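What follows is a single structure, written as structure tokens, with notes after it.
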Amino acid sequence: MLKSFALFSIVAFASTSALAGSGYGTAGYHCNWSKPGQASIGTPTVTQSYSALPASQTVTQYTTVQTSPLLHQVGVKPDIVDTAVSAGSFNTLVAAVQAAGLVDTLKGSGPFTVFAPTDAAFAALPAGTVESLLKPENIDQLRAVLTYHVVPGKVTSDQLAGQRLSAGTVQGTTVDIDATAGVRVDNANVVKADIITSNGVIHVIDSVLLPSS
């Protein structure tokens, strides 16, 4: 799998001002993929902790995010949000990003690497999970889950080939990546890799990632 496309396709978070407004600053992030088995991505200091969440089904009560007119211009790559919206298989993810107030962040300059769960991945969660996360009182938990799917910087599959490593996420903790036989991110499989956008890269995964703390 890795040789044909190798890594992953939402959630990446962009401009310094947008992230600062959501409580996630980009300053100080750095990537170091130079040493196989020891590659790491710098992480921010996080004082909040979140417990793993239950799960859910596709949500339709949120309005569709408006895509940019640039999406329709020849030769112009869409950003992470526009790419997810146009794909048609990330409706739940897009609804969650919208409910969390992270749309503008995801449309910022980045760059970010997003491990994007499909609608089927969200549907496999325990019944009621997504609905619970989308409630206004659970916005901190929702943001924690979404930002756990985002790694600062643009990391493509060729940078990961043959490695096992931990990567720092925007949420503040790390995900485990095993690219020695196919690609796994924690317990999720990468089913499509290297979807390049104007502000990063998307890797599609078949399960929703949940932070342990």
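R0 = 41 Å: FRET efficiency of Val103 with Thr180, Cβ-based, nearest 0.05?
0.70
Beta carbons within 10 angstrom, averaged per residue: use that to sort the peptides 82-93, 182-193, highest first.
Result, highest mean first: 82-93, 182-193.
List the aspartates and glutamates whose Cα lies under 20 Å from the Cα of Lys192, skipping any in the same chain that are fewer than 8 positions away.
Within reach: Asp79, Asp82, Asp119, Asp158, Asp176, Asp178, Asp206.
Just so you know, all these numbers are worked out from the coordinates, no wet-lab data involved. The shown structure was predicted, so the numbers you read here are calculated from the model rather than taken from an experiment. Heads up, the Cβs are rebuilt from the backbone with ideal geometry, glycines too, and the neighbour counts pull from every protein chain shown.
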